[in-house]
Amino acid sequence: MTVWDEVVGQPTAVAELSAAAEDPSAMTHAWLFTGPPGSGRSVAARAFAAALQCPDHGCGHCVSCHTVMTGTHADVREIVPDGLSISVKSMRTLVQSAARRPAMGAYQVLIITDADRLTENAANALLKVIEEPPPQTIFLLCAPSDHPEDVSVTIRSRCRPVPLRTPVPEAIADVLVRRDGIEPDQARWAASVSGGHVGRARRLARDPEARAYRETVLGLPMRLRGLGDVFAYAGDLVRNAKAEAVEMSEGRDAAEREELAVAMGAGGVGKGVAQAARGAKAAERELEKQQKSRNTRTQRDAIDRALVDLAGFYRDVIVVGSDAQVRLTNPDRETDIRRAASEWSAESALRRLEAVLACRTAMDLNVKPEIAVEAMMMSLQRG
């Protein structure tokens, strides 16, 4: 099993990347991996980084492949934004590390998993180093698309594009069975309702709570009858997202605060204690700021997963209503989908889909979740 087996349903991209890894003359100093959520952008970038460091170009068994894929290789650094954006401070740290020579491998590889979250100043800092790249340094950027709203034109023009597509359910089911040991029937079901998102399919296959929450969300369209339902279900959706964010963050935040306290000499005595305490207060404020941003991101991601499910339901209603011969996003909800298609006009279904997409846009623009979700529910109820 090679590192390329981790990249699901992307034969064209794998062929291009493996050829480049084997031929140094075909290398480019900056690559841009684009594709819809779940297409495996960061996985493909990580596999490419492993192939660049591996003597056999991605065998999957050597120390280089193992350490890159587990995130512990000395010459492969990865920026994964915890918060809402990637700051210029983080990018400057990355730029400084890019100037170093490789310690173990053939290249210094820098992976930015969500390049679309770069702030303007961070993008400018990255552009500067990409324009004059250090020798033996490779930049791997991942973004949903190469549109200027995701990646600036100047950065995009200096990168070699690697477009990825949505994996087909059969490919996702195969990897769930083969790599994750999931039962074939469960894997096929999870793959069929994941919308082509490998990580979501794995979560649905393994987590009963995720399956129950999906059922609750997909039951909303047929339960919205009056204004009382609108505000009740909107409140439930936001509260569930907050609860999930709190559950994910509590232990991690406490551990980070404890580690910081130890690093800053908590409980120490001596002449330097007062000065250390002042430094610790500043570090605590910075950590709290980072944790707040990360928790906000976690909450919004939880809401967005529900919005994606709702968008898939209304998309399926439009598909059934127009007799289009394409695969349903939620085949296990076909009864409700056909009922909705018989009760709603095509225009009404489209307005509902547009309301869900508008809510996602509002969330991206930092509209308060309660307001954005309530506005969407009103539109869904009215049709």
Quick one: what pairs do we get from segment 110-126, first residue closer than 15 Å to residue 142 by Cβ and in contact (Cβ under 8 Å) with a residue 40 or more places away in the chain, second open to solvent by less than 50 Å² (accessible area, probe 1.4 Å) and among the small types (Gly, Ala, Ser), C-beta under 8 Å, 6+ apart or different chains? 111/42; 111/45; 111/49; 113/42; 113/45; 115/143
Scanning for something surrounded by 24 or more Cβ atoms within 10 Å (Cβ to Cβ), in contact with a Pro (Cβ under 9 Å, 6 or more places away or on another chain), within 30 Å of residue 299 (Cα to Cα) and in contact (Cβ under 8 Å) with a residue 40 or more places away in the chain, does segment 27-38 turn up at least one residue? yes
Quick count over segment 150-194, residues being without any contact (Cβ under 8 Å) to a residue 12 or more places away in the chain and either closer than 30 Å to residue 124 by Cβ or open to solvent by less than 40 Å² (accessible area, probe 1.4 Å) (or both), is 2
What's the number of the only condition in (1) over 20 Å from residue 111 (Cβ atoms); (2) part of a loop (DSSP other than H, G, I, E, B); (3) modelled with pLDDT of 90 or more that residue 158 fails to meet? (1)
Please enumerate the residues belonging to segment 195-221 that are open to solvent by less than 20 Å² (accessible area, probe 1.4 Å) and either in a loop (DSSP other than H, G, I, E, B) or of a type in the set (S, T, N, Q) (or both). 196, 220, 221
Consider segment 277-299. How many of its residues are open to solvent by less than 70 Å² (accessible area, probe 1.4 Å) and either in contact with a Leu (Cβ under 8 Å, 6 or more places away or on another chain) or at pLDDT 90 or above (or both)? 6
Could you list all residues from segment 67-106 that are under 29 Å from residue 366 (Cβ atoms), in a loop (DSSP other than H, G, I, E, B) and either among the aliphatic types (A, V, I, L, M) or in contact with a His (Cβ under 8 Å, 6 or more places away or on another chain) (or both)? 80, 84
Could you list, in sequence order, the residues of segment 107-116 that are open to solvent by 40 Å² or more (accessible area, probe 1.4 Å) and not in a helix (DSSP H, G or I)? 107
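Can you tell me how many residues in segment 158-173 are of a type in the set (Lys, Arg) and more than 15 Å from residue 12 (Cα to Cα)? Working first, answer last.
Going through segment 158-173, the residues of a type in the set (Lys, Arg) turn out to be 158, 160, 165.
Narrowing further to those that are more than 15 Å from residue 12 (Cα to Cα): 158.
Number satisfying all stated conditions: 1.
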Top-ranked residue in segment 80-94 [being open to solvent by 30 Å² or more (accessible area, probe 1.4 Å) and either more than 23 Å from the chain's Cα centre (by Cα) or aliphatic (A, V, I, L, M) (or both); ranked as modelled with the highest pLDDT]: 88
Take residue 13 and decide whether it is out of contact with any Gly (no Cβ under 8 Å at 6 or more places or on another chain), surrounded by 17 or more Cβ atoms within 10 Å (Cβ to Cβ) and not basic (Lys, Arg). yes
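The values are calculated or read from the model by the stated rules, or taken from the named source; none is laboratory data. Small disclaimer: the values here were computed from a predicted structure and weren't measured. No Cβ is skipped: glycine too gets one built from the backbone with ideal geometry, and neighbour counts run over all protein chains shown. To get the accessible areas, we keep the full protein, side chains included, count just its heavy atoms, and leave off ligands, DNA and RNA. Shrake-Rupley method; radii C 1.70, N 1.55, O 1.52, S 1.80 Å.
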